[in-house]
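The values are calculated or read from the model by the stated rules, or taken from the named source; none is laboratory data. Predicted model only: the values in this text are computed from it and were never measured. Note that each Cβ is placed from the backbone with ideal geometry, even for glycine, and that neighbours are counted across all protein chains shown.
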Amino acid sequence: MTTAQTTVTDRARRILEAVGTTLPDADPSAEAVIARSPITGETIARVPATTDVDAVIARAQQAFTTWRSVPAPVRGAVVRELGELLREHKADLGELVSIEAGKIRSEGLGEVQEMIDICDFGVGLSRQLYGLTIATERPGHRMMEQWHPLGPIAVITAFNFPVAVWSWNTVLALVSGDTVVWKPSEKTPLTGLAVQAIMEEAARRAGADPAIAQLVIGDRAVGEALVDDTRIALVSATGSTRMGAQVAPRVAARFGRVLLELGGNNAAIVAPSADIDLTVRGLVFSAAGTAGQRCTSLRRVIAHESIADELVERLAKAYASLPIGSPLEADTLVGPLIDQQAYNGFTAALSAAAEQGGSIVAGGDRVAVGGDSGDDAYYVHPTIVRMPEQSAVVRSETFAPILYVLTYSDFDEAIALNNDVPQGLSSSVFTTDLREAERFLSASGSDCGIANVNIGPSGAEIGGAFGGEKETGGGRESGSDAWRGYMRRTTNTVNYSSELPLAQGVQFG
Ligand code: NAD
């Protein structure tokens, strides 16, 4: 092990100990998931895989039988403890996100802040779960809705938001009276272990059964064991559309519920009236930030033909000044791709773009960042490609910092291009024309779950419902009334009269 390797591994070890667990070291013969850092490419640890998923689900099922009857505001106390502990460990957990997922420091911290925010939301929500009372047609009757806990929930997450997505789901599920079994990405097991240790401490402090939120470690096979188990009432799965296409029919076949948060292919329309300085800042953060590895990353700019050249020139200039390197360094804005597979996706997309008539105007290559990074660390220049027209590569999601630029001449054409992709997650328009802005947000405008004006498509807050349409899967998580997805609705009619009138005036005997 080199000195460079020792640094990242030692930092990970220290952080895991600080949150109350240890850096695992699986027996070489045991089934394990390899934890590595994309910063240096080094292996940090062998994390033992969960071999008995059935026993974990059985514990979640058992815990549910008690947890569902705990009053919701009391359930909220666990979430309040979780939020307090996350505040305490924010710096450490944020750094571990950087180490394992490659996010720059402020984004690693931002991800933990998002967990804290959803905890605050969840504590309030625990006193606001409500149903309707509905006017009945029958005298002496009352009709109402109640929302009840659903059961054990499986949360399957992607590498790129290794901790926040767990919290969006788990906080809502716990407040709703469900129990949780989490399978983090096999690319980010250490953040999984750290969050689990914090969660168990929160449960302990609140006097709750730690089995209300459990962790399983493993690859797709472990995910499939959750997907196929009839005791799992809801499978909330975040990841690629390929994964969603495998998961959804399997859960449907056993009449379970799914909540899918899948790939995006997010666009920004830039109109002639746009504030160009603000637009360039918004586009660069959305496209190059997180090295293009957000589900909401900007992948397509649809620029009016009158301003496209100037916009591309300004973007290329901004791209040339982006500091690329270790996300642990204070001034870095673009960190590494997660692994070689992601780098292969980047090069394959650029070859396809060239074949489909594209020309690279910025980036396009791998960067040697020096320092501690080894051959197995993959840093690339964020890339801009001008495309002559819509094409297959533009219509597919490549999880890397590639921004395709298309042009339009009239606004209807721009909206049509925005919508002409299989995914429907996020979108934005940069304009100071009120008619264009409102048209974009209207029913005949963007077909995405998220549509913004004068901000890029990435960087959502927890207060709104998050998710997208079409191949993005249709799920909604986080704020607004997303909690309803974690509960079951019962409609109750109570007869407090001494008559028995039937609905619709039906007479029976
Ligand atoms: P991935 O699909 O490779 O893996 C995601 C998770 O699914 C992992 O935990 C994996 O083990 C599991 N998995 C894969 N196949 C499975 C199967 N058949 N059954 C059960 N589990 C299975 O995704 P990734 O590379 O980790 O993440 C990147 C992708 O995730 C991108 O497409 C991105 O857009 C998407 N994403 C979407 C959102 C959103 O909210 N819409 C958020 C983050 C990431």
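All conditions in (1) under 25 Å from Thr241 (Cα atoms); (2) touching a residue at least 24 places away in the same chain (Cβ under 8 Å) hold for Ala308, with the sole exception of (1).
Every residue, every condition in (1) in the same structural domain as Arg80 (by TED's automatic domain parsing); (2) crowded, with 18+ Cβ neighbours inside 10 Å, yes or no:
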| position | (1), (2) |
| --- | --- |
| Ala202 | yes, yes |
| Val216 | yes, yes |
| Val222 | yes, yes |
| Arg231 | yes, no |
| Ser236 | yes, yes |
| Gly256 | yes, yes |
| Leu278 | no, no |
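Can you tell me which residue among Asp420, Asp410 is closer than 30 Å to Asp365 by Cα, out of contact with any Gly (no Cβ under 8 Å at 6 or more places or on another chain) and free of Cβ contacts under 8 Å to residues at least 40 places away in the same chain?
Numbers: Asp410 fails: closer than 30 Å to Asp365 by Cα.
Answer to the check: Asp420.
The listed residues are Ser306, Ser351, and the only one of them that is at pLDDT 95 or above, part of a loop (DSSP other than H, G, I, E, B) and over 20 Å from the mean Cα position of the chain (by Cα) turns out to be Ser306.
Scanning segment 425-461 for residues that are small (Gly, Ala, Ser) and in contact (Cβ under 8 Å) with a residue 60 or more places away in the chain gives Ser426, Ser427, Ser428, Gly456, Ser458, Gly459, Ala460.
Please return the ranges of strands (runs of 3 or more DSSP E) entirely within segment 179-246 where 3 or more residues are hydroxyl-bearing (Ser, Thr, Tyr) and within 7 Å of the ligand (Cβ to nearest atom).
Numbers: elements: 179-183, 213-215, 234-238.
It comes to none.
Cβ separations smaller than 8 Å between residues 6+ apart or across chains give the following pairs from segment 471-491 residues that are within 16 Å of Glu461 (Cβ to Cβ) to residues that are basic (Lys, Arg) and within 16 Å of the ligand (Cβ to nearest atom): Ala482/Arg476. Whether a residue is farther than 30 Å from Pro323 by Cβ, outside any loop (DSSP other than H, G, I, E, B) and within 16 Å of the ligand (Cβ to nearest atom) was assessed, and Ala154 passes this test. Of the helices (runs of 4 or more DSSP H) lying entirely inside segment 39-139, those containing at least 3 residues that are over 22 Å from the mean Cα position of the chain (by Cα) span 53-67, 72-88.
Considering only segment 389-420, state which residues are within 16 Å of the ligand (Cβ to nearest atom) and of a type in the set (S, T, N, Q). Correct list: Ser396, Thr398. Scanning segment 290-318 for residues that are within 14 Å of the ligand (Cβ to nearest atom) and farther than 19 Å from Thr407 by Cβ yields Thr290, Ala291, Gly292, Gln293, Arg294, Cys295, Thr296, Ser297. If you check Gly467, Gly479, Gly485 for being closer than 30 Å to Asp178 by Cα, crowded, with 17+ Cβ neighbours inside 10 Å and within 13 Å of the ligand (Cβ to nearest atom), only one passes: Gly467.
Restricting Ala392, Ala400 to residues that are crowded, with 22+ Cβ neighbours inside 10 Å and in contact with a helix residue (DSSP H, G or I) (Cβ under 9 Å, 6 or more places away or on another chain) narrows the list to Ala400. Of all residues assigned to segment 288-305, at least one qualifies as being more than 19 Å from Asn265 (Cα to Cα) and surrounded by 17 or more Cβ atoms within 10 Å (Cβ to Cβ).
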